[in-house]
Every structure is written in structure tokens, then in C-alpha cells.
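Reviewing the structure listed below.
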């Protein structure tokens with residue numbers, strides 16, 4: 001990944017998260033219009049957290065594939081962590097929001113799972129079937145971990161259902177933007193690949209041209225060495241006569 005793509009990754013995620021947070025905040029009426037600055041700061045914070053979570057996921061994926069050389073074992077580990085994360089959120093909601101409104105809070109988990117599956121299917125279509133489980137793991141586990149301060153707050157009165165949806169949807173969109181464009185950001189540009197191919201082809205051409213004169217010299221030397229042998233044999237025959 002080049003520095004230009006790294007800067008684009010960070011600022012594009014920040015812009016998407018900030019704008020989406022302000023739009024959702026006004027549409028869901030989480031805060032009044034006078035608190036637009038708070039929504040701006042909340043959106044930029046959520047987008048920054050999403051970027052840090054994505055960077056942490058890349059490190060986790062690198063360490064996991066390095067230590068666990070068996071791809072199937074690492075895949076089952078990610079599936080287990082997905083189930084554990086979903087189960088922990090269900091437990092947190094049932095203990096904090098037990099009552100008639102519990103199903104409304106449980107719908108947050110349903111939204112996370114549905115969006116994660118759709119994004120993972122799209123990622124698998126773009127880059128291959130092997131990326132389905134990693135993309136699903138990132139969309140579910142990373143989103144849940146990033147939204148933990150809102151899903152499981154210290155005081156129940158500080159968080160409403162609208163504020164939870166505001167945070168979760170912003171994080172889901174930012175994470176989807178990052179995971180779906182990862183293969184484009186780490187892909188080498190065509191100019192670099194063309195230059196590399198030219199260098200390789202030139203190197204092969206130089207080797208072939210170096211080999212050709214050697215073969216000609218060897219054949220000419222062999223012909224010169226063969227001629228005197230014929231003359232010596234003819235002289236021996238003349239002497240015998």
C-alpha cells in the first residue's frame with residue numbers, strides 16, 4: 001500500500017463516517033439540530049475507531065495466518081469468535097434491557113448479522129470464496145467490539161436505542177467501505193507491473209544474447225580442432241605408403 005492510498009483510506013473513511021452520522025442523527029432525531037457540532041465530533045470519532053479497528057484486524061489476520069499454518073484451523077477459530085461475540089451481545093442486552101423492549105434491542109444484532117453476510121458475499125464475489133469467512137469475521141466481531149461502549153454502557157440511562165443504531169450503522173458502513181476496497185488499495189498499479197515485466201524480459205534477452213556468442217565460439221573452436229586431426233591422419237597414411 002502506497003502512502004497516497006493510505007491517506008485516501010483514512011480520510012475517505014473519516015468523511016463517510018462523519019457525513020453519515022450527521023444525516024442519521026438528524027433523521028433519527030437523536031439530538032436536536034443545535035447539537036450539530038456534537039454529531040460532527042461523534043461521527044468523526046466513530047470513523048476513526050473504525051479505521052483503528054480495521055488496522056487491528058489486519059494485524060490479527062497477519063498474526064493468525066503466521067502462527068496457525070493450517071487455514072482450516074484459523075477459519076474455525078474465526079467462526080468461534082463470531083459466535084462468541086454474538087452470544088456476548090445477546091447476554092448483555094438480556095441483562096440490561098429485560099422487558100417488553102428487549103426485542104427492539106436484539107434487532108441491533110440482527111442488523112449487524114444481515115449486513116455482515118451481505119458484505120461478506122460481495123467480498124467473496126470480488127476476490128474469491130476464501131475471503132467470505134474473514135470478511136464476515138471483521139464485519140461482525142470488529143463492529144461489536146467498536147460499539148461496545150454503546151452496547152454495554154456503565155449506566156443504562158445514558159444510552160438510547162436510537163443512539164445505539166446511530167453508532168452501529170455508522171460503524172457498519174465504514175467497515176464495509178474498508179473491507180470491500182482493501183484489495184484495490186493493496187493492489188500494485190499497472191505501471192509498476194509493466195515495468196517489472198519489461199525488466200524481466202530485458203534480463204532474459206540479455207542472457208540469451210550472452211549465450212549465443214559462446215555457442216558460436218565453441219563451434220568454431222571445435223571445427224578448428226577437428227581439422228588438424230584429419231591432416232595428421234592423412235600424413236600418417238602417406239608415410240606408411
Return the distance in nm (one decimal) between the two label points of a simple spin-label model at residue 121 and residue 72, each offset 7 Å from Cα along Cα→Cβ.
2.7 nm
With a ≥ b ≥ c the root eigenvalues of the C-alpha gyration tensor of the stretch 51-187, is it rounded (a/c under 1.5), prolate (a/b larger than b/c) or oblate?
prolate
Output ordering of 144-151, 102-109, 63-70, 3-10 (per-residue mean of other Cβ within 10 Å, highest first) is 144-151, 102-109, 3-10, 63-70
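Read the figures in this text as sums done on the coordinates, not as results from a lab. Treat the numbers as computed from the prediction; the structure is a model and nothing was measured. All Cβ positions, glycine included, derive from the backbone under ideal geometry; neighbour counts span all protein chains shown.
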